[in-house]
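Reading through the C-alpha cells given below for one structure.
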Amino acid sequence: RKLLLVEDNPGDARLFIEALREVRADDFEVTHVECFGDARRRLEESAFDVILLDLGLPDAEGLGMVSVLSELAPQTPVVVLTGRDDERLAVDAVRSGAEDYLIKGQMEGALLVRSIRYAIERHRLVEALKDQNRQLEHFAFATAHDLKAPLGNIEQSIELLRCDEDDEAELPELTVLGLKGIEVASKRMRRLVTDLLVLGRAGSRTTAPERIDLAEFTASVVEAYRGDAEAKGVELEVSTDPLAIVARRRDLEAVLANVIGNAIKYIGEPDSPAVQVGWERRGEEALVWVQDNGPGFDPAEAETVFEPYRRLSTDQEGTGLGLAIVKKAVEAQGGRAWIETQPGGGTTVYFTAPLAPADQMPAAGGSTAVPGTT
C-alpha cells in the first residue's frame, strides 16, 4: 500500500517510519514530503492509499488542508497528525473529512498500523455507500425529470375539460369533484417533482463555486417572500453587514429560499411575528442564521427534520424535502446545518459556509450577537 506522509519535522517523520518497521509493516511504501505544496503535487502525479497529514506545515496549517486534499483526492483517506491531545480538534478533523486523528508521541507501531488499515477500510465503505446514494439520487432525479412531461399533459387536460365556468356548471357534480381532486393532486405532484429535481441538483459540481456577497444575494432571494410575509403580518428583517462567501449560486439560493420560506410558512400567530436573517464571521467560515419567533418544536426532533419526507406539521402544504435540500447543499460545500428550537420559543436554523479569501480575517469592532449562541 502506498502511504503519503506529509510532515515537516524530520525527527517526527523518522519516528513514524521506525514505528512501522517495528511491526514489520513491509506492505506500506512510504513517500515523505515536508510541505503542503509538495503533497498536492504528489497527489496530482500518482494515487495513494492513505495520507498522513501534519496540521502545522511551513506553507499551510489547520483543518482547511484536510478539505483541500479530500477535494483533490476524494478516494484517498486522510489521517491527521498533531501534537495536541484535543478532543474538540479530533471532532473537527473528522467533520472536515479526516478518517482518524493520531497524537505524535503516542504512535506505537501496532496501533499506528491498525489505525491506518481501519482508515482505509472505513473510507472504502463510506465511498461505496456514497456511490449507492448517488445512484439512488440519480434515479430519483431522472424519474422526476421524466414525470414533468406527462404531468404537464394532465394539467392541460384538466384545463380543457373544465373549459370555463359556464361549461363546468353543465357537468355532472361527480365529474366536477373529480376534476378538482385531480387538479389538487397534480399541483401536489408538481411541487414534489420540482423539489426532487432541486434535491438532485443540490451540491452538483456542474457549476463552480464563486464569491458571493451575502447581503446583496440574500436581499434578492428575500424579495420573492415579501408578499407572503406581508400577507401574514410578518416583519422580515435582513442584515446588511458586508460579508462574502464562496458558494454555488444555485445551491445558496435553494438553501435560503427553503429556510426563509419555512420560517414564514410555519410562524403561526405570535403577537408580533418576525423573521430575522443574519450572519457573522467565525474563523474561516461565515455563520448564517434565520430566526423566527414562531411556536418552535421539540428539540429532540431537531436532527430528524433534515431527513427526506420528514414533516413535523401537516397544517401547511409541503413535500418534506426542503430541509433535506438545505442539508445536502450546505454539506456539499464543506459547511454544516443545524437547528435550535424550543416549544413556544421560536426556531433558528443555522448553516456555515467558507468565507471568500478577503473576508478570512477577524471582524472589526467586535462581533454580532448571534441568536442562541455564545
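What follows draws every value from the coordinates through simple rules; no lab data is involved. For clarity, every value in this text was computed on a predicted model and none was experimentally measured. Note: ideal-geometry Cβ built from the backbone for every residue, glycine included; neighbour counts use all protein chains shown.
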- Set 265/328; 180/327; 130/265; 104/328; 130/187; 2/327, cut-off 25 Å on Cα-Cα distance; pairs above it are 180/327; 130/265; 104/328; 130/187; 2/327
- Query: How high is the relative contact order of the chain, given as a whole-number percent (alpha carbon pairs under 8 Å, six or more residues apart)?
  - Reply: 11 percent
- Task: Answer with a single label: of (i) 73, 21, 16; (ii) 48, 26, 17; (iii) 29, 28, 18, which was calculated as semi-axes √(5λ) of the Cα gyration tensor in Å from the structure in view?
- Result: (ii)
- Select from 327, 180, 148 the residue whose mean-square fluctuation is largest in a Gaussian network model of the chain (Cα-Cα springs shorter than 10 Å). 180
- Likely footprinting exposure, 5, 112, fewest C-beta neighbours within 10 Å first: 112, 5
